[in-house]
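The values are calculated or read from the model by the stated rules, or taken from the named source; none is laboratory data. Computed from a prediction, not measured in an experiment: that's the story for all the values here. Cβ: placed from backbone, ideal geometry, glycine included. Neighbour counts: every protein chain shown.
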Amino acid sequence: MSIDSYPIDLNLISDMQDAPIHKAFDIDRIRAEFPILQRIVKGKPLVYLDNAATTQKPRIVTDALAGYYHSNNANIHRGIHTLAEEATAAFEATRETARRFIGAASTDEVIFTKGTTDGINLVASSWGRKNLRQGDEIIISTLEHHSNIVPWQMIAEEKGAVIRVIPVSDNGVLDEEAFHELLSEKTRFISIVHVSNALGLINPVKEIIDAGHRAGALVMVDGAQSSVHLDIDVQSLDCDFFAFSGHKVYGPTGVGVLYGKRHILEDMPPYQGGGEMIKEVRFDRTTYNELPYKFEAGTPNIADVVALKYAFEFINEIGKEQIRKHEDDLLLHATQQLREIDGLRIIGDVDRKVSVVSFVIENIHTQDIAILLDNQGIAVRTGHHCTQPLMHRLGIPGTTRASFAVYNTRSEVDSLVNGLLKVKKMLG
Amino acid sequence: MHAHPSISQIEEEIVEEFSLFDNWEDKYEYIIDMGKKLPPLDEMHKTEDNKIRGCQSAVWMVSSYSEGRVHYNADSDAMIVKGLISMLVRVLSGQKAEDIRSAELKFIEKIDMSSHLAQTRSNGLRAMVKQMKLDATVWAMKEQGNQG
């Protein structure tokens, strides 16, 4: 198979043992797989701590992308020629790897999208248009990214449905008691973020899914921030939908995955019409293709889907447990030092979180922090993080967010801390 | 009474001041210092109408017109942007409307601050320049209307 011929070295781990989990974590070898980490920014070595926005891409992913275009490019599923067959096989191989990555029962339940936003819009538009009625309720939370708010507002407005919002405490923790009170026979759908992009907090999605099901509602999980850090098993979670983005799991931009339970997907009308999603087209009647193709109208983002497989393999090779261990160490190292900075307040300083630290510094605008850190080669995210309702609830205009990935180091955390001390001195 | 220095004269002054700095820290500390020295805009002017849309920091600006010249007052909740707009005010405030409209403002590039004009939606400097020119145009038109 052509896909095996890509010049890809997945052997990132130093030891010779078989199970990745027992291999030593070799940060230097991991970093060597990411050419961009060698960049000099404003005369200083890049310290990239904006991983919750997008992760950098390992060489195996970019090699696969180039390799696909150099050796296999063709349109998929139709052509009866060698390249078309190779491209189709590579495309479908990613679907199988994605299925395993999230623990889905079947590849029929794995739909390729443009990303998390696209996946949520697909569900809101297709499921919502068919099933929502006047007065039905959709529950989301205060922690949601705008992408998990606006699609629901749009369909709610169209159908006369009502959005109910789970509140959070002052440190951003979801109010579970309030959630249970919001549940009723009117609740038709719950869409909840697994991990808050702004604060990194992990939501108790399993409890929400189970309670939602008991109330007769469907539950969607926004996995944009969780899929790169946490073990995902959609079957044991029992969620009805799960969406995530390729570019946040070391994969290419412009590709994502939507999981949906088969019987629910089968009952949903197509989202977009076009090629690929049809079985037969007549001017008097068109029948639709089977899952998952029913939801993949038009020529998909073939190259990026093909390359996404290698992002999953990159993660699997190191193992999420090892990745978490490394990232948690960075988070702890950062949290301990940041707490020592006078006037700095971590927002969402709780135990149940991924490697994201979000904070404000008294009397300093986040934009000033970003500009002065950038001059030191340090990339962080500042602002409202597309979670304006959350910022409003917390009474802050925005935060500075540092988010750590598998390739970050303790010394980069130290650079951030020293950088912030410099910012404070300059603005003091 | 000596003549008000021209836009390009003030631009030259700023470029000269910045030529003294050989590291980014000094340069930004100077900008921050200028921001601190910018007279604060009265709270009553900090309205949505006077706000210039930028993504991360709020910038407010008001202008007035007297004897053929446009005067600006501006403020921001972020210090570096405040420093940058204080330079714009220094260059453009008190100039003739037609000179403001045709000003190229090359000093921003010359002091290596053009990244702040980039379209990243993260700051309002580009929008600030646009609004200052727009205000100048409006004042000039009003005057023409009065004369006509």
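Scanning the range A:371-380 for residues that are under 25 Å from the mean Cα position of the chain (by Cα) and buried (at least 23 other Cβ atoms within 10 Å of the Cβ) yields A:378, A:380.
Say we look at the range B:108-146 and pick out the residues that are among the aliphatic types (A, V, I, L, M) and not in a helix (DSSP H, G or I); which of these is modelled with the lowest pLDDT?
So the residue we want is B:118.
Do the conditions hold for residue A:360, that is, is it away from chain B (no Cβ under 12 Å) and under 21 Å from residue A:248 (Cβ atoms)? No: the conditions fail for residue A:360. Could you pull out every one of the strands (runs of 3 or more DSSP E) wholly within the range A:355-417 that has 1 or more residues that are touching an Asp or Glu at 6+ places or on another chain (Cβ under 7 Å) and in contact (Cβ under 8 Å) with a residue 24 or more places away in the chain? Answer list for the range A:355-417: A:381-383, A:399-403. Test of understanding: among B:41, B:88, which residue is within 18 Å of residue B:128 (Cβ to Cβ), more than 9 Å from chain A (Cβ to nearest Cβ) and touching a Leu at 6+ places or on another chain (Cβ under 9 Å)? None of the others qualify; the one that does is B:88.
Close Cβ contacts (under 7 Å, 6 or more residues apart or on different chains) running from residues in the range A:251-263 that are under 14 Å from residue A:110 (Cβ atoms) to residues that are modelled with pLDDT under 95 comprise A:262/A:291.
Matching residues to (1) more than 23 Å from the chain's Cα centre (by Cα); (2) within 14 Å of chain B (Cβ to nearest Cβ); (3) closer than 21 Å to residue B:76 by Cα:
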position	(1), (2), (3)
A:307	no, no, no
A:336	yes, no, no
A:354	no, no, no
A:382	no, yes, yes
A:392	yes, no, yes
A:399	no, yes, yes
A:403	no, no, no
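Residues in the range B:55-85 that are more than 10 Å from chain A (Cβ to nearest Cβ) and of a type in the set (Val, Ile, Thr): 4 in all. You will find that of A:221, A:234, A:281, A:249, the residue that is aliphatic (A, V, I, L, M) and surrounded by fewer than 18 Cβ atoms within 10 Å (Cβ to Cβ) is A:281 and no other. Every condition in (1) away from chain A (no Cβ under 14 Å); (2) touching a Gly at 6+ places or on another chain (Cβ under 9 Å); (3) of a type in the set (D, E, K, R) is met by residue B:13 except one, and the failing one is (2).
For the range A:274-314, give me each residue that is hydrophobic (A, V, I, L, M, F, W, C) and at positive phi. Those that are hydrophobic (A, V, I, L, M, F, W, C) and at positive phi: none in the range A:274-314. Listed by first and then second residue, the pairs linking a residue in the range A:207-218 that is within 11 Å of residue A:237 (Cβ to Cβ) to a residue that is part of a strand (DSSP E or B) and not hydrophobic (A, V, I, L, M, F, W, C), with Cβ atoms under 9 Å apart and 6 or more places separating them unless they lie on different chains, are A:208/A:141. Across the range A:405-422, a minimum of one residue is classified as over 22 Å from the mean Cα position of the chain (by Cα) and either within 10 Å of chain B (Cβ to nearest Cβ) or closer than 19 Å to residue A:197 by Cα (or both). Checking the structure you have, find out if any residue of the range B:94-107 is modelled with pLDDT under 90, on the phi < 0 side of the Ramachandran plot, in contact with a helix residue (DSSP H, G or I) (Cβ under 8 Å, 6 or more places away or on another chain) and assigned to a loop (DSSP other than H, G, I, E, B). Within the range B:94-107, not a single residue is modelled with pLDDT under 90, on the phi < 0 side of the Ramachandran plot, in contact with a helix residue (DSSP H, G or I) (Cβ under 8 Å, 6 or more places away or on another chain) and assigned to a loop (DSSP other than H, G, I, E, B).
Please note which strands (runs of 3 or more DSSP E) are completely contained in the range A:64-181 and include at least 1 residues that are charged (D, E, K, R) and closer than 24 Å to residue A:223 by Cα. Reasoning before the result, please.
Details: elements: A:110-113, A:137-141, A:162-166.
It comes to A:137-141, A:162-166.
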